[in-house]
1. Is it fair to say residue 154 is within 16 Å of the ligand (Cβ to nearest atom), modelled with pLDDT of 95 or more, crowded, with 24+ Cβ neighbours inside 10 Å and more than 22 Å from residue 268 (Cα to Cα)?
2. Evaluate the stretch 206-216: report whether one residue or more is buried (at least 23 other Cβ atoms within 10 Å of the Cβ), under 16 Å from residue 235 (Cα atoms) and within 12 Å of the ligand (Cβ to nearest atom).
3. When you look at residue 332, is it on the phi > 0 side of the Ramachandran plot, outside the structural domain of residue 159 (by TED's automatic domain parsing) and out of contact with any helix residue (DSSP H, G or I) (no Cβ under 6 Å at 6 or more places or on another chain), yes or no?
4. Name the single residue, out of those in the stretch 296-323 being farther than 19 Å from residue 361 by Cβ and buried (at least 20 other Cβ atoms within 10 Å of the Cβ), that is farthest from the chain's Cα centre (by Cα).
5. With the checklist (1) assigned to a loop (DSSP other than H, G, I, E, B); (2) over 14 Å from residue 88 (Cα atoms); (3) free of Cβ contacts under 8 Å to residues at least 12 places away in the same chain in hand, flag the one item residue 203 doesn't pass.
6. State whether one or more residues within the stretch 133-142 are surrounded by 22 or more Cβ atoms within 10 Å (Cβ to Cβ) and under 30 Å from residue 245 (Cβ atoms).
7. In the set 106, 110, 167, 124, which member is in the same structural domain as residue 252 (by TED's automatic domain parsing) and without any contact (Cβ under 8 Å) to a residue 12 or more places away in the chain?
8. For the stretch 229-249, which residues satisfy the criterion of being without any contact (Cβ under 8 Å) to a residue 40 or more places away in the chain and assigned to a loop (DSSP other than H, G, I, E, B)?
Ligand SMILES: *Cc1c(COP(=O)(O)O)cnc(C)c1O
């Protein structure tokens with residue numbers, strides 16, 4: 001068996017220790033004689049596992065007691081629509097900061113349920129930088145402010161939580177950088193993340209929501225769309241993604257063993273620093289087009305100086321055991337995603353390959 005270095009943007013690399021443990025436990029989970037996927041989410045084993053996963057996530061992110069933690073489905077995309085359904089009435093407006101593909105999509109999906117005010121956008125800069133905070137035209141009556149701290153496709157990241165005051169709740173799509181470093185949860189009204197980048201398999205969404213926001217009137221809708229109902233039912237209003245929840249729990253345990261989010265922040269800074277350093281030090285052979293102040297630690301874009309070399313780069317990198325470096329089809333070029341489960345050795349191997357490729361292809 002051989003494992004590659006996996007730079008996939010999502011679904012993405014998982015820690016080998018997590019996969020090995022899941023493999024060991026697959027046929028006989030927790031002394032039950034069956035896999036975790038084959039048993040009731042109402043059973044005491046599953047309920048204990050689910051509670052432990054929540055407790056571990058709360059410990060990792062220091063989630064304050066007045067926040068609910070939910071394990072939902074539908075991907076981040078479903079919540080682009082469900083968030084305005086829950087947090088805003090049909091006549092309300094909400095502020096959106098558009099800094100790349102995903103925040104643009106969040107704003108566009110929300111438009112069916114709330115009046116969307118694009119309070120700031122970096123579209124005119126091709127999303128190569130962040131809209132400066134002093135350019136945001138926030139509405140003090142907005143139901144909430146939505147932004148995307150890390151743009152997975154465009155490779156731009158907010159390195160600080162923007163100050164939007166205390167009156168309007170801040171909502172953040174943390175799909176691609178949750179748990180990548182410390183975060184002050186109390187600054188947010190709602191955090192959500194699709195699991196398949198930094199937590200576990202796809203099909204699971206982790207949400208952290210301040211409990212007072214569960215009481216917002218919103219609008220008439222089916223119970224299954226109401227976050228308050230999911231919170232009241234401990235995320236077991238209907239059958240949850242039991243496998244995803246279990247694997248997320250294993251990842252949270254692994255993160256605690258690694259030293260938590262502070263250790264991840266150090267590791268992620270080292271990995272991104274190494275790769276950006278190699279790109280910047282390549283005399284223009286490789287280029288990252290993003291404003292250095294906005295560069296993502298999680299998703300590193302780079303272009304070769306000559307696109308005619310792209311096919312060879314992809315073919316040779318794959319042959320060298322470096323998986324999924326092709327950039328998003330909307331942008332071309334390359335992208336290396338460096339989530340928590342990607343070790344420093346993977347980036348060292350990539351940087352070595354890049355240097356070697358440049359020497360061989362001139
Ligand atoms: C991947 C991604 C999404 C989309 O997630 P789905 O689970 O496929 O809906 C949304 N936002 C961000 C920031 C992402 O990286």
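The values are calculated or read from the model by the stated rules, or taken from the named source; none is laboratory data. Note that the coordinates shown come from a computational prediction; the quantities given were computed from them, not determined experimentally. Every residue, glycine as well, gets a Cβ built from its backbone with ideal geometry; the counts of neighbours run over all protein chains shown.
1. When the stated conditions are applied, residue 154 does not pass them.
2. yes
3. Considered against the rule, which asks whether it is on the phi > 0 side of the Ramachandran plot, outside the structural domain of residue 159 (by TED's automatic domain parsing) and out of contact with any helix residue (DSSP H, G or I) (no Cβ under 6 Å at 6 or more places or on another chain), residue 332 comes out as yes.
4. Among residues in the stretch 296-323 that are farther than 19 Å from residue 361 by Cβ and buried (at least 20 other Cβ atoms within 10 Å of the Cβ), the one farthest from the chain's Cα centre (by Cα) is 301.
5. Evaluating residue 203 over (1) assigned to a loop (DSSP other than H, G, I, E, B); (2) over 14 Å from residue 88 (Cα atoms); (3) free of Cβ contacts under 8 Å to residues at least 12 places away in the same chain leaves (3) as the failure.
6. No.
7. Answer to the selection: 124.
8. Residues satisfying the conditions are 233, 237, 238.
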